[in-house]
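Accompanying notes for the structure given below.
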Amino acid sequence: MKCPYCKEVIDDDSWFCDQCGKEIKYCPECRQPRRGTECAACGADLVSAKEGAKQSTGQSVQGPTVLEGEGFRLVLKEGVFGRTTGIYPEFCSQIYISGRHGELRCVDGRWQLRDLGSHNGTYVNGVKLEANAWTELKLGDQVKIATLHFTVR
């Protein structure tokens with residue numbers, strides 16, 4: 001991730017920036033590092049990285065937190081994603097991802113993924129997800145969103 005203060009790349013699990021020394025704060029709603037006392041995106045009060053690692057959903061620190069691969073490192077967060085909408089603006093230039101491709105949610109600290117009837121599909125460990133059917137993500141799962149390949153970390 002990038003430090004929200006100095007913009008240097010630091011480890012995703014950092015509690016302090018090893019470049020500028022500032023304490024990293026997170027938005028418990030967006031699950032993104034931010035500066036200040038409240039999130040500019042949603043208005044939630046920021047928490048320390050230590051507290052943010054616990055995540056407001058109760059997910060353990062050892063549970064999945066990111067989709068990694070294809071030049072992307074996407075922090076898991078709840079919401080719809082696609083080329084034209086949603087929680088991952090990184091997908092806006094990905095022509096094989098549908099406009100409203102899929103959705104992520106966290107239930108009792110467990111991340112779940114579903115396909116929203118996308119044209120090119122969503123796969124977990126090589127199995128194509130049926131439209132609107134939720135599947136639980138586990139550490140190490142291989143996720144394919146259209147043509148992009150990720151590992152759940």
| task | Go through region 60-72 and give me each residue that's in a strand (DSSP E or B) and either open to solvent by less than 30 Å² (accessible area, probe 1.4 Å) or modelled with pLDDT of 90 or more (or both). | result | V66, L67, G69
| Which residues, taken from region 121-153, are open to solvent by 50 Å² or more (accessible area, probe 1.4 Å) and touching a residue at least 60 places away in the same chain (Cβ under 8 Å)? | K138, L139, H149, R153
| query | Does V75 satisfy the condition of being open to solvent by less than 20 Å² (accessible area, probe 1.4 Å), closer than 21 Å to R110 by Cα, at pLDDT 80 or above and of a type in the set (A, V, I, L, M)? | reply | no
| request: Kindly provide the set of residues from region 19-38 that are surrounded by fewer than 17 Cβ atoms within 10 Å (Cβ to Cβ), part of a loop (DSSP other than H, G, I, E, B) and at pLDDT 85 or above, ordered by number. | output: R35, G36, T37
| said: Just the residues that are surrounded by 19 or more Cβ atoms within 10 Å (Cβ to Cβ), of a type outside the set (A, V, I, L, M, F, W, C) and over 17 Å from L148 (Cβ atoms), please, taken from region 78-120. | reply: none
| request: Take the residues in region 1-18 that are in a loop (DSSP other than H, G, I, E, B) and at pLDDT 80 or above, then tell me which one is most open to solvent (accessible area, probe 1.4 Å). | output: K7
| request: Select from region 99-150 the residues that are hydroxyl-bearing (S, T, Y) and not in a loop (DSSP other than H, G, I, E, B) and list them in ascending order. | output: T122, Y123, T135
| Where a residue in region 90-112 is closer than 16 Å to V75 by Cα and its partner, wherever it lies, is open to solvent by less than 60 Å² (accessible area, probe 1.4 Å) and of a type in the set (V, I, T), with Cβ under 6 Å and at least six apart | F91/I97; G102/T122; E103/V80; C106/T57; G109/T57
| Filtered residues of region 39-49 (kept if in contact (Cβ under 8 Å) with a residue 12 or more places away in the chain, in a loop (DSSP other than H, G, I, E, B) and open to solvent by less than 50 Å² (accessible area, probe 1.4 Å)) | C39, A44, L46
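The values are calculated or read from the model by the stated rules, or taken from the named source; none is laboratory data. Keep in mind that what you see is a predicted model, and the values were worked out from it rather than measured. Reconstructed Cβ throughout: ideal geometry from the backbone, glycine too, with neighbour counts over all protein chains shown. Accessible surface areas use protein heavy atoms only, side chains included; no ligands, DNA or RNA. Shrake-Rupley method; radii C 1.70, N 1.55, O 1.52, S 1.80 Å.
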